[in-house]
Every structure is written in C-alpha cells, then in structure tokens.
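Down below is the structure, laid out as structure tokens.
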Amino acid sequence: MIETEPQLLHIGRLFGKLTKLYIGFITKQLEDLPIERYFYVLLLIHKTEKPLTQKDLSEMLEIDKTSTVRLLDYLQENKMLKRKVKPDDRRSHYLVLTKLAENYIPEIEKAFEGVNEKLLQQVGKEEQEVFFNVFGKMICNLSQEPRDNIFLDFNKINISKASLKASLK
C-alpha cells in the first residue's frame, strides 16, 4: 500500500478506489449486455420475494424518487423492466422484470460472484469475518451521525478504460 495521504483521509480514498474497481470489473464482465448500468437493480428486483414498488426500490437503494424514476426509465427503455399499476393504488407501480432481463440474470449473478471471489481470493475466512464485522461497525458509526444525504448519479460517472487503468496504478 502506498502511504501518500494522512491516515484519516486514506480510508475514504480506499473505499472510493475499491468502488471504482468493483464497478469497473462488473461493467467489463457484462459489456456484451444491451445495458451498461443498473445490473444490481435488476438483481435486487429479481431476488426480492414480494413485488417491489418504485417507492420500495427508492428506500432500498437509499436514493431519491427522481433518481429512481430515471433508472427505471432507462431499464424500461432498454426492455428490461415493466411497470404494472398496483390494483389497490393506481398511483403506485409494481416493478416486473421482462423475459429479456430474466434471461440475463444468471450472467449478472455470475459477474457479481466473480468480482466477490476475486476481491476476497487472498483473504482468509477469519479475515473476511473481521472485515465484515469492522465494516458493519463503521457503517453503523456514521449512520448515527448527522450528515447530508448525497446521491450518486451514475449517468454522470464515467468509468472509462483509461480511468480504470489509471486508478490501478
């Protein structure tokens, strides 16, 4: 590890770098799919046992309603998702994956499994337990503090091959 920053700033930078690498790995693995983002959202909808509404998805992803509508519009325009009017509340919609999206789910699951396996390949089971325990505590510590809620707009985040290679150096 290259120590070029004060330790306190270094934690955030490491999480940022790991996030870029993680998303870049997934994106590369799934580059042949007809969409270029929101793979996790498709998995989330697929794995959820009860029908999800737009509001449910917003809460699960911790993003605002406008961002949720944009990502769902993108998935619907790319024929991955349908919105079905909820019978008891016409203002609300259930989210249903299309057959096309369902066909890609195994490939998406494989990509996430692959990145997780690669990420943890030199980390023993005991170290993994410690990591997840500490990571959970860190999230809990900051979740209890007052803060501004920020929303990442993945439409504006450009993970090009050049920037990915540069981040690896």
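The values are calculated or read from the model by the stated rules, or taken from the named source; none is laboratory data. Note that this is a predicted model, so its numbers are computed, not measured. FYI the Cβ positions are ideal-geometry reconstructions off the backbone, even for glycines, and counts take in every protein chain you see. When the accessible area is computed, the model is the full protein with side chains, heavy atoms only, and any ligands, DNA or RNA have been set aside. Shrake-Rupley method; radii C 1.70, N 1.55, O 1.52, S 1.80 Å.
Exactly one of these conditions fails for residue 49: (1) out of contact with any strand residue (DSSP E or B) (no Cβ under 7 Å at 6 or more places or on another chain); (2) part of a strand (DSSP E or B). Give me its number.
Every condition holds for residue 49 apart from (2).
Output the residue which, of all residues in segment 76-131 that are in a helix (DSSP H, G or I) and of a type in the set (Lys, Arg), is least open to solvent (accessible area, probe 1.4 Å).
By that ranking, first place goes to 118.
State all residues of segment 36-46 that are free of Cβ contacts under 8 Å to residues at least 60 places away in the same chain and part of a loop (DSSP other than H, G, I, E, B); if no residue qualifies, say none.
Of everything in segment 36-46, just one residue is free of Cβ contacts under 8 Å to residues at least 60 places away in the same chain and part of a loop (DSSP other than H, G, I, E, B), namely 36.
Here are some conditions: (1) in a helix (DSSP H, G or I); (2) modelled with pLDDT under 90; (3) over 29 Å from residue 55 (Cβ atoms). Residue 141 meets all but one. Which one does it not meet?
(3)
Please state which of the following conditions residue 33 fails to meet, knowing it meets all the rest: (1) hydrophobic (A, V, I, L, M, F, W, C); (2) assigned to a helix (DSSP H, G or I); (3) modelled with pLDDT of 90 or more.
(2)
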